[in-house]
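Written below as C-alpha cells is the structure these notes are about.
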Amino acid sequence: MKKTILILVVALTLLACKNKAKQDNGKLNVVTTTTMITDLVKNIGGDLVNIQGLMGSGVDPHLYKASEGDVTKLVNADIIFYNGLHLEGKLVEVFEKMGSKTKTPIALAEEIDKSTLIGSDYFASNYDPHVWFNIEYFKQFTKKVTSVLSEKNPENASRFSENEKVFLDKLETLQQNVLSTIETLAKEKRILVTAHDAFNYFGKNYSFNVVGLQGLSTATEAGVQDVQKLAAFIIENKVKAIFVESSVPKRTIEALQAAVKSKGHDVVIGGTLYSDALGNTGTLEGTYVGMFEYNVNTIVKALK
Ligand code: ZN
C-alpha cells in the first residue's frame, strides 16, 4: 500500500507540472470502483464518456488494492466515483491523498441520509456500506452521477438527463418486479443465510432475516464456533437453503453445510448470489438490474 501511495504522489506531481488537458477526444474520463457503479455510469454516460471500472466481476471490494495501473487511471481521471462508507477499505488511503492533491473522488453513498442507514461497529464509517441493495438508494446514486456528469460536460447535459429518466424508470420497474416475486414467499421462510452480511438493506426492505457467516466484511474469517452456532440456527429454523456469493470463496458456506449434515440434518446450497460484484460483462447478471432480479429469483426459488 505504501508503494502505491508513493507512486500516486509522484504521478500527481508530474501531472501538475504537465498541466494536462482535462478531456480525451472531448470525452470525460470517468473511473469507477465496483461493477455496480460502473454499470450505473454506463447507463447514464453511455458512449459520451470514457468509463474505466477498476474492479471486475467476482472481485471483492473489501480486499481490493489499487495496482500501479489503477493509479495511472485515477491520476488521468476527470471524475472518480466510488461507493464509500469504507466499502473499498483498502482504497480509502489512496482516495484521501487524491482529494488533497487534485480532484476529490465522489463517494456516492454520501448522498444518502445517514439517519436511514444501518449502523455497524465494524466499519470505520460506522455504517453498513452495502447500500446498493436498497433500490431507492441506487436511485439517489443515479441522480448524483447525472448531476456530476452534467456539470463537468454541460454540452451533453440533456442526453445525460434523458438517460437518467430511462434508467430511473428501469429501477422503478425492477422494484415492482422484486416486490411481487418476494410476495410469493411466505414471511416465515424469509431467512437468508449467506457467506457475509451483504444483504442487510435487502433484508430490511423485503422483510428477510439476514444472517452472514463472516459478518459485514470478508476481511475476517468465520471461526469454528460461528459455523456451529449458525448450523444450529439453520436446523432450529428449518432453513431449506443457504447461499454462496460470487465474490467470496465457497468454502465457508460448504463448511456450514457440512456442519448441518454432521448434526443429522440437510440444507442445500441454493445457488450463487451476486453480492459485492456483478456477474460477467455481457450477461444479464452483469448489469445492476439483471443482478437484482437474478438474486431475488434464486433466493425465492430455493427457499419456497
Ligand atoms: Zn461486502
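The values are calculated or read from the model by the stated rules, or taken from the named source; none is laboratory data. This is a predicted model, so every value here is computed, not measured. So basically every Cβ, Gly included, is an ideal-geometry build from the backbone, and we count neighbours across all protein chains shown. With ligands, DNA and RNA removed, areas are computed over all heavy atoms of the protein, side chains included. Shrake-Rupley method; radii C 1.70, N 1.55, O 1.52, S 1.80 Å.
For (1) on the phi > 0 side of the Ramachandran plot; (2) at pLDDT below 95; (3) open to solvent by 30 Å² or more (accessible area, probe 1.4 Å), each residue gets a yes or a no:
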residue	(1), (2), (3)
10	no, yes, yes
26	yes, yes, yes
37	no, no, no
45	no, no, no
54	no, no, no
83	no, no, no
88	no, no, no
96	no, yes, yes
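With 78, 128 as the choices, which residue is over 25 Å from residue 220 (Cβ atoms) and outside the structural domain of residue 277 (by TED's automatic domain parsing)? Spell out the reasoning first.
Working: 128 fails: over 25 Å from residue 220 (Cβ atoms).
That would be 78, the only listed residue that is over 25 Å from residue 220 (Cβ atoms) and outside the structural domain of residue 277 (by TED's automatic domain parsing).
Kindly indicate whether any position in region 116-131 is open to solvent by 40 Å² or more (accessible area, probe 1.4 Å), among the β-branched types (Val, Ile, Thr) and free of Cβ contacts under 8 Å to residues at least 60 places away in the same chain.
yes
Which one of these is more than 21 Å from residue 292 (Cα to Cα) and touching a His at 6+ places or on another chain (Cβ under 6 Å): 255, 231, 219, 198?
On the way: 255 fails: touching a His at 6+ places or on another chain (Cβ under 6 Å); 231 fails: touching a His at 6+ places or on another chain (Cβ under 6 Å); 198 fails: more than 21 Å from residue 292 (Cα to Cα).
Just one listed residue meets the conditions, 219.
If I filter region 209-219 down to residues being without any contact (Cβ under 8 Å) to a residue 60 or more places away in the chain and of a type outside the set (Val, Ile, Thr), which single residue comes out as farthest from the ligand (Cβ to nearest atom)?
So in region 209-219, the residues without any contact (Cβ under 8 Å) to a residue 60 or more places away in the chain come out as 209-214.
Still in the running and of a type outside the set (Val, Ile, Thr): 209, 212-214.
Working: 209: 18, 212: 9, 213: 12, 214: 9 Å.
Looking at the filtered set, the residue picked out is 209.
Has region 137-154 got any residue that is more than 25 Å from residue 55 (Cα to Cα), outside the structural domain of residue 199 (by TED's automatic domain parsing) and open to solvent by 10 Å² or more (accessible area, probe 1.4 Å)?
There is at least one residue in region 137-154 that is more than 25 Å from residue 55 (Cα to Cα), outside the structural domain of residue 199 (by TED's automatic domain parsing) and open to solvent by 10 Å² or more (accessible area, probe 1.4 Å).
For (1) closer than 21 Å to residue 34 by Cβ; (2) hydrophobic (A, V, I, L, M, F, W, C); (3) surrounded by fewer than 19 Cβ atoms within 10 Å (Cβ to Cβ), each residue gets a yes or a no:
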| residue | (1), (2), (3) |
| --- | --- |
| 264 | no, no, yes |
| 268 | no, yes, yes |
| 275 | yes, no, no |
| 278 | yes, yes, no |
| 283 | yes, no, yes |
| 288 | yes, no, no |
| 292 | yes, yes, no |
| 298 | yes, no, yes |
| 301 | no, no, yes |
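Condition first: more than 13 Å from the ligand (Cβ to nearest atom), of a type in the set (Gly, Ala, Ser), open to solvent by 20 Å² or more (accessible area, probe 1.4 Å) and within 26 Å of residue 27 (Cα to Cα). Can you find one or more residues in region 102-110 that meet it?
No: region 102-110 contains no residue that is more than 13 Å from the ligand (Cβ to nearest atom), of a type in the set (Gly, Ala, Ser), open to solvent by 20 Å² or more (accessible area, probe 1.4 Å) and within 26 Å of residue 27 (Cα to Cα).
Tell me which residues, restricted to region 223-247, are within 16 Å of the ligand (Cβ to nearest atom), in a loop (DSSP other than H, G, I, E, B) and either of a type outside the set (Ser, Thr, Tyr) or more than 17 Å from residue 274 (Cβ to Cβ) (or both).
From region 223-247, those within 16 Å of the ligand (Cβ to nearest atom) are 243-247; that's our starting set.
Now narrow it down to the ones that are in a loop (DSSP other than H, G, I, E, B): 246-247.
Hits for region 223-247: nothing passes.
Would you pick out the residues in region 252-283 that are at positive phi and either among the β-branched types (Val, Ile, Thr) or assigned to a loop (DSSP other than H, G, I, E, B) (or both)? Spell out how you get there, then give the answer.
Taking region 252-283 first, the residues at positive phi are 264, 271, 282.
Within region 252-283, 264, 282 qualify.
Starting from residues that are more than 16 Å from the ligand (Cβ to nearest atom) and among the aliphatic types (A, V, I, L, M), keep the ones in region 248-262 and report whichever is surrounded by the most Cβ atoms within 10 Å (Cβ to Cβ). Please lay out each step first, then the result.
Kept after step one, since they are more than 16 Å from the ligand (Cβ to nearest atom), are these residues of region 248-262: 251, 254-262.
Subset that is among the aliphatic types (A, V, I, L, M): 255-256, 258-260.
Numbers: 255: 16, 256: 23, 258: 11, 259: 20, 260: 21.
Ranking the candidates gives 256 first.
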